[in-house]
Amino acid sequence: MSVTVVGSLNEDVVVTVRRLPGRGETVIGSAVEVLPGGKGANQAAAAGRLGRGVHMVGRVGSDDAADRQLAALAEAGVNVGRVLRTPGVPTGSATIPVEAEGGENLIVVVPGANAELSAADVDVESVHRADVLLLQLETPLGTVLAAARATTGTVVLNPAPAQPLPAELLAAVDVLVPNEHELVELADSDAADLAGLVTLARGLAARSVVVTLGGNGALVVPADGPALHQPPLAVQPVDTTGAGDCFCGALCQALSAGADLPTAVAYAATAAALSTTGAGARGGLPDDDAVRAALPRLPAARPV
């Protein structure tokens, strides 16, 4: 049972402000936090909290930020032996001003070492032999495709940030996991309801699609069989940052353990909901015991 994540590692600088600045404007922040981030690393950390056998493949710089990111992943139970240091290039970073009331934010990402991840970097045993390989789009598209082609396991792609996907990449993906907005962008069309989203998902020519719907749960559109709407677990959210990344990591852990897609989505939806009860992208990540204790409270999935 193994999950390998190929993706980005960033250091997030989160600044709390009364309101977001306008163009050319300076505002005063009230607090600053330096936190581990990057979609790939967040998803790996979520999977690592939930079970063993999680590997991260990526690049960091040779700076202090690299040390902090690797330590945070190792603390989450992730094997970081294939995260390479890149001399002369900084670790990826994101600067995020966040409004104190309402949580609206702006994000400026500097890819740094993430942009240096190459096809040769993913030609490694942890990719070849992974039961499930989890990918996103914060590293070069050619590297993502090379990783998808290199593995013998199930390929899960979270197409974020959204961009046009080449047919050869879609053909290599077993489970595509966009959110509702990413699905609409990928399909270049809109949908008025869940049935419309199912139609868009089936039109992507991917084998199976799981659409995350935020506070409305998730939509399961399998390669064969009926589409299902998985309602969310009722919780009192504190911070929804990183819930989608937790969903992806949990989905892959469940798939690697042999769960079918609807069962894996139920597990992932429960984990994602629990993750919103703590602050920050990783502050509320649950372990497997917490997810299994909450699963009986999850509403049953319904046909769409």
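For this structure, a couple of remarks:
- Formal net charge of residues neighbouring P111 (Cβ-Cβ distance under 15 Å; K, R +1; D, E -1): -4
- Mean separation of Cα contacts under 8 Å, 6 or more apart, over the residue count of region 133-205: relative contact order %: 26 percent
- In the elastic network of the chain, a GNM with C-alpha springs shorter than 10 Å, the most mobile of A31, A273, A146 is A31.
- Over region 112-164, relative contact order from alpha-carbon pairs under 8 Å, at least 6 apart, %: 41 percent
- Among residues other than D121 with Cβ under 9 Å from its Cβ, the summed charge is 0 (Lys and Arg +1, Asp and Glu -1).
- Per-residue [θ]222 nm for the chain (sum of -39500 (n - 2.57) over DSSP H runs n ≥ 4, rounded to 500): -9500 deg cm²/dmol
- 10 Å Cβ shell holding at most 13 others, DSSP loop, GluC sites (Glu not before Pro): longest site-free stretch of the chain: 105-304
- Calculation over all alpha carbon pairs of region 135-202 in 5 angstrom steps from 0 returns a P(r) of 3, 17, 30, 23, 15, 9, 4, 0 percent.
- Looking at the chain alone, DSSP beta bridges between its own residues are antiparallel in about 40 percent of cases.
- Computed on the Cα trace of the chain, the radius of gyration divided by the Kirkwood hydrodynamic radius gives Rg/Rh = 0.95.
- If only the Cβ of Lys and Arg carry +1 and only the Cβ of Asp and Glu carry -1, the dipole of the chain around its Cα centre is close to 400 debye.
- Estimated translational D of region 76-162 in µm²/s (Stokes, Kirkwood radius over Cα pairs; 10 °C; 1.306 mPa s): 107 µm²/s
- Distance between region 2-62 and region 136-173 - C-alpha centres, whole angstrom: 21 Å
- Ratio Rg/Rh, restricted to region 74-224 and using Cα atoms, in which Rh is the Kirkwood radius: 1.00
- Choice from N42, N105, N179 showing the highest fluctuation, given a GNM over the chain with Cα pairs closer than 10 Å: N105
Quick note: the coordinates plus some simple rules give every number you see, no bench work behind them. The structure presented is a predicted model; accordingly, all values stated were derived computationally and were not measured. Here Cβ is always computed from backbone atoms with ideal geometry, including for glycine, and neighbour counts include all displayed protein chains.
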